[in-house]
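Before any comments, here is the structure.
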Amino acid sequence: MVRTVCAFANDLLNLNGGYVVIGIDTDETGQPILPPIGLGDADLDRIQREVRGQCNRISPSYQPLLFPEVYQDRRVLVIWAPGGDNRPYEAPSRSGGRSYHVRHGSETVEAVGALRSQLFDQAARVPFDDRRSLSASVDRISERLVREFLADVRSGIGRDIVLDRDSVYSNMRLVSPLNAHQAARNFALLFFVDDPDEIFPGARIEIAQFADDAGGNLIEERTIRGPLHYQIRQTLTYLNSLGDILFEKTPGRAEIDRTVTYPYEAIREAVVNAVYHRSYENMEPTKIYMYPDRMEIISYPGPVHGIELHHLASEGAVPPIPARNRKIGEFLKELGLAEARGTGLPRMRRRMSENGSPEPLFDFDDGRTYFRVVLPAHPRYRTLHALRESALMWATGDRRRSLDHLLRAAQDQPGSGALAGQIIEYAASLDDIDLAKMTFQRFETVPDKTEASQPYLRFAAAMLSIGEGREARQALSRVPPTSRHSDLVEAAILSKRTKDYTEAHRIFESIYPQVSDDPRAVQEFAQTKLALARAARSPNPTKKRLNVQAAELLRRAIQLTDDPVRKAWCWFDLARTLTWLREPSADIENAYLQAISLKQDEQRFRDAYRQWRNQT
């Protein structure tokens with residue numbers, strides 16, 4: 001334990017140390033065995049005295065912070081060993097002498113050879129964010145912001161702040177002794193001061209939106225100030241609110257599902273990385289420039305030495321070099337905004353790829369004066385923009401103009417299934433069935449299609465709305481293969497509406513593991529099983545099996561949904577299914593009463609309930 005604490009205190013990679021937990025065993029792979037063994041009736045005060053006594057063997061003097069906790073109803077002791085101010089530290093070695101120790105992966109090892117040289121080189125430099133400030137007093141730290149942070153991370157320390165502010169600041173290592181008084185650390189001034197850019201002039205984010213690359217046509221600009229984590233959250237909220245540029249993934253709107261201009265997760269990683277890895281000794285603010293075809297996130301200066309451009313390529317890997325800001329990373333990790341494990345760039349690439357977007361670009365100049373992340377807009381941005389503009393016109397009542405707007409966009413992008421599908425849906429809503437049919441027939445002849453299943457599904461829905469079940473079935477039989485679960489759910493529901501219950505059941509069976517948390521899909525799957533059960537001859541083992549499975553699905557849909565109407569119909573179908581299965585009368589009555597209480601205007605529920613009572 002002492003050697004591990006020593007290694008965390010040496011903090012070779014500037015990750016702000018680590019934790020040792022006493023009372024939880026591990027398996028051969030190092031993973032925790034839960035529930036924990038715990039410390040039972042052991043004397044925690046005695047254990048803490050022993051830990052402190054053993055840590056006195058570390059030189060120079062170093063003491064970790066000890067926190068008795070209760071985890072899964074078992075007492076454990078958490079030892080937090082943050083990076084020390086007086087590195088390097090040494091402790092007794094296994095051979096009997098004394099040596100320096102560092103963390104190497106998941107192990108504590110002696111620092112010898114290159115590791116020892118790296119430790120001494122790193123120990124000579126205290127990161128800027130962990131240095132004591134000589135220009136701002138401890139009084140600049142806001143107790144309100146500290147309380148909000150502790151509540152946000154669900155820390156028990158927050159309960160003590162009213163009683164003893166100084167001990168809370170000390171436990172959080174927000175302050176450090178300086179001569180006869182306490183000095184605030186720089187990271188504390190970045191997180192817990194209302195206007196940190198008054199102390200660090202570059203501690204803000206500037207956002208500018210341009211109409212073109214020339215930069216002369218500025219549409220809008222905004223400056224985000226405040227504590228670092230407030231800046232991140234406000235920036236993400238603001239970027240996400242720019243409806244003309246950012247589109248959220250909206251359930252039920254297949255034409256924009258997974259085809260946002262910029263994936264929110266990619267923006268989040270880029271913004272967090274810019275705030276985390278920049279230098280706050282630099283007076284340039286973090287900048288976000290938004291163009292019609294890309295977004296640029298720029299921080300100052302460039303990456304620390306040891307990171308080269310080839311490390312940032314898709315096939316490269318960022319080496320585990322010490323972080324520029326260990327404490328900023330630690331606090332962002334506590335808030336769930338960062339992982340501090342070097343996963344940001346791979347996650348950004350993955351989210352862009354999953355969205356069908358071009359790969360993000362990373363660059364910096366030879367002098368490392370800046371670092372830039374470029375997120376290219378999705379290639380279907382014009383399609384998304386046309387859909388957005390059309391939806392706005394439709395919502396404001398200008399429906400014919402909305403449809404004309406889509407028709408013009410489709411002339412430039414005839415292979416867009418999203419545009420063709422929306423035209424068919426809007427045309428059917430305006431009773432322009434001829435236009436819906438013509439759009440569908442034209443789309444079938446286009447060689448290169450995207451989102452090809454959309455027009456088939458929208459056309460089948462339009463035909464069902466006018467009672468043309470045969471044409472709907474024909475369209476569904478020609479739906480191109482798709483891996484989009486939302487489209488497959490829609491195809492299954494439409495097959496069910498055409499009374500092709502066998503096909504609907506086949507589709508639901510194939511995708512249920514992926515849509516088992518979607519209450520609409522679960523309810524429709526249950527209704528499909530009930531329809532097949534009604535069609536089966538009685539008595540028949542298959543009939544009973546389908547009813548039993550339907551009852552399980554209906555119970556799951558009830559748990560998943562917040563929609564009172566959907567929940568009411570699930571209760572009603574469950575009541576009838578339980579009746580057929582001859583379940584206890586109390587369960588059946590409860591299901592009927594739940595349905596009636598949720599949808600009191602549904603006479604069908606009351607009639608069925610009365611009929612069941614009379615029969616009972």
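Data overview
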| read-out | value |
| --- | --- |
| Exclusive hit being farther than 30 Å from Ala491 by Cα and in contact with a helix residue (DSSP H, G or I) (Cβ under 7 Å, 6 or more places away or on another chain), set Arg606, Arg582, Arg556, Arg610 | Arg606 |
| Those residues of region 304-316 which are loosely packed, with under 14 Cβ neighbours inside 10 Å, part of a loop (DSSP other than H, G, I, E, B) and in contact (Cβ under 8 Å) with a residue 12 or more places away in the chain, in sequence order | His305, Gly306, Ser314 |
| Test: residue in region 64-74 that is among the polar types (S, T, N, Q) and over 19 Å from Leu12 (Cα atoms) | yes |
| Flag for Leu532 being part of a helix (DSSP H, G or I), over 20 Å from Arg606 (Cβ atoms) and at pLDDT 95 or above | no |
| Set Gly30, Gly17, Gly40, Gly23: member being open to solvent by less than 70 Å² (accessible area, probe 1.4 Å) and either without any contact (Cβ under 8 Å) to a residue 40 or more places away in the chain or aliphatic (A, V, I, L, M) (or both) | Gly40 |
| Long-range neighbours under 6 Å by Cβ, at least six apart or interchain, first residue under 17 Å from Ser516 (Cβ atoms) within region 544-564, second open to solvent by less than 100 Å² (accessible area, probe 1.4 Å) and of a type in the set (Lys, Arg) | Gln549/Lys529; Ala550/Lys529; Ile558/Lys567; Thr561/Lys567 |
| Test: residue in region 527-535 that is out of contact with any Cys (no Cβ under 9 Å at 6 or more places or on another chain) and among the β-branched types (Val, Ile, Thr) | yes |
| Yes/no for Arg324 being of a type in the set (D, E, K, R), part of a loop (DSSP other than H, G, I, E, B), under 22 Å from Asn14 (Cβ atoms) and open to solvent by 40 Å² or more (accessible area, probe 1.4 Å) | yes |
| Condition check for Thr250: among the hydroxyl-bearing types (Ser, Thr, Tyr), open to solvent by less than 20 Å² (accessible area, probe 1.4 Å), at pLDDT below 85 and within 30 Å of Gly417 (Cβ to Cβ) | no |
| Lone unmet requirement of (1) surrounded by fewer than 21 Cβ atoms within 10 Å (Cβ to Cβ); (2) part of a loop (DSSP other than H, G, I, E, B) for Tyr280 | (1) |
| Of residues in region 339-378 being of a type in the set (Val, Ile, Thr) and open to solvent by less than 40 Å² (accessible area, probe 1.4 Å), the one farthest from Lys327 (Cα to Cα) | Val374 |
| Any hit, region 584-603, residues being closer than 16 Å to Gln527 by Cβ and open to solvent by 30 Å² or more (accessible area, probe 1.4 Å) | no |
| Subset of region 56-67 [buried (at least 16 other Cβ atoms within 10 Å of the Cβ) and farther than 15 Å from Asn86 by Cα] | Leu66, Phe67 |
| Among (1) over 30 Å from Ser135 (Cβ atoms); (2) among the hydrophobic types (A, V, I, L, M, F, W, C); (3) open to solvent by 10 Å² or more (accessible area, probe 1.4 Å); (4) within 24 Å of the chain's Cα centre (by Cα) - the single one Leu335 does not satisfy | (1) |
| Region 450-481, residues that are under 30 Å from Ser357 (Cα atoms), open to solvent by less than 70 Å² (accessible area, probe 1.4 Å) and of a type outside the set (A, V, I, L, M, F, W, C) | Thr450, Glu451, Ser453, Gln454, Pro455, Tyr456, Arg458, Pro480 |
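Listed here are the residues, each with its yes/no results for (1) modelled with pLDDT under 95; (2) farther than 30 Å from Ala428 by Cβ; (3) in contact with a Pro (Cβ under 9 Å, 6 or more places away or on another chain); (4) hydrophobic (A, V, I, L, M, F, W, C).
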residue	(1), (2), (3), (4)
Ile466	yes, no, no, yes
Arg478	yes, no, no, no
Arg484	yes, no, no, no
Ser516	yes, yes, no, no
Pro539	yes, yes, no, no
Thr561	yes, no, yes, no
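The values are calculated or read from the model by the stated rules, or taken from the named source; none is laboratory data. If you're wondering where the values come from, they're calculated on a predicted model, not measured in any experiment. Cβ atoms come from the backbone with ideal geometry, glycine included; neighbour counts cover every protein chain shown. Side chains are part of the model used for accessible areas, which takes the heavy atoms of the whole protein and leaves out ligands, DNA and RNA. Shrake-Rupley method; radii C 1.70, N 1.55, O 1.52, S 1.80 Å.
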